[in-house]
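Chemist: After the structure tokens below, expect a handful of questions from me.
The values are calculated or read from the model by the stated rules, or taken from the named source; none is laboratory data. Bear in mind that the values here come from a model prediction, so they are computed numbers and not experimental data. Cβ coordinates were reconstructed from backbone atoms using ideal geometry, including for glycine residues, and neighbour counts include every protein chain displayed.
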Amino acid sequence: MDYNKLEVWIEARKLVNLLYESSKLFPKEEMFGLTNQMRRAAISIPSNIAEGCGRQISKDTLQFLHISRGSLYELETQYYLALDQHYIDVYNFNVAIEQIQN
């Protein structure tokens, strides 16, 4: 399966880029806290999609897709936390949440 042609993988890459742009504005003291955690969660989404597509057994593929979905939920929660801490404004939060939920 050619994962890099999958719309879900393409959209996941867009989400990673969106997160990197918005997290550049986070406080420097968060570099090893929420910023790092959000970036790791975001990166794992397209990475697990790609790895799952490389598996030869459907059960393995599904497992990696489930992991990717879990990372997506983790990132969604972290966006809420970033909003709560005023690291991100409501507009950028809504843009990210819309991307996550679509």
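Chemist: Name the residues in the stretch 36-62 that are farther than 15 Å from Leu19 by Cα and touching a Lys or Arg at 6+ places or on another chain (Cβ under 8 Å), would you?
Modeler: Hit for the stretch 36-62 is Thr61, nothing else.
Chemist: Also, quick follow-up: Residues of the stretch 66-94 being farther than 17 Å from Val8 by Cα and in contact (Cβ under 8 Å) with a residue 40 or more places away in the chain, which ones?
Modeler: Across the stretch 66-94, the qualifying residues are Gln78, Tyr79, Leu81, Ala82, Gln85, Tyr87, Ile88, Asn92.
Chemist: Oh, and also: Looking at the stretch 23-102, what helices (runs of 4 or more DSSP H) fall wholly within it and have at least 1 residues that are among the basic types (Lys, Arg) and either surrounded by 12 or more Cβ atoms within 10 Å (Cβ to Cβ) or in contact with a His (Cβ under 9 Å, 6 or more places away or on another chain) (or both)? Quick ask: steps written out before the conclusion?
Modeler: Numbers: elements: 34-53, 58-84, 90-101.
Ranges flagged: 34-53, 58-84.
Chemist: Being over 16 Å from Gln85 (Cβ atoms) and β-branched (Val, Ile, Thr) is the filter here; which residues of the stretch 1-38 pass it?
Modeler: Within the stretch 1-38, Val8, Ile10, Val16 qualify.
Chemist: If the requirement is being assigned to a helix (DSSP H, G or I) and at pLDDT below 95, which of these qualifies: Asn4, Asn17?
Modeler: Details: Asn17 fails: at pLDDT below 95.
From the options Asn4, Asn17, the qualifying one is Asn4.
Chemist: So which of Tyr80, Tyr87, Tyr91 ends up being modelled with pLDDT of 95 or more, farther than 19 Å from Asn4 by Cβ and touching a Leu at 6+ places or on another chain (Cβ under 9 Å)?
Modeler: Working: Tyr80 fails: touching a Leu at 6+ places or on another chain (Cβ under 9 Å); Tyr91 fails: touching a Leu at 6+ places or on another chain (Cβ under 9 Å).
Sole residue among the options that is modelled with pLDDT of 95 or more, farther than 19 Å from Asn4 by Cβ and touching a Leu at 6+ places or on another chain (Cβ under 9 Å): Tyr87.
Residues are listed down the side, and each one gets a yes or a no for (1) over 29 Å from Gln85 (Cβ atoms); (2) without any contact (Cβ under 8 Å) to a residue 60 or more places away in the chain; (3) small (Gly, Ala, Ser); (4) in contact with a strand residue (DSSP E or B) (Cβ under 9 Å, 6 or more places away or on another chain):
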| site | (1), (2), (3), (4) |
| --- | --- |
| Arg40 | no, yes, no, no |
| Ile43 | no, yes, no, no |
| Ser47 | no, yes, yes, no |
| Lys59 | yes, yes, no, no |
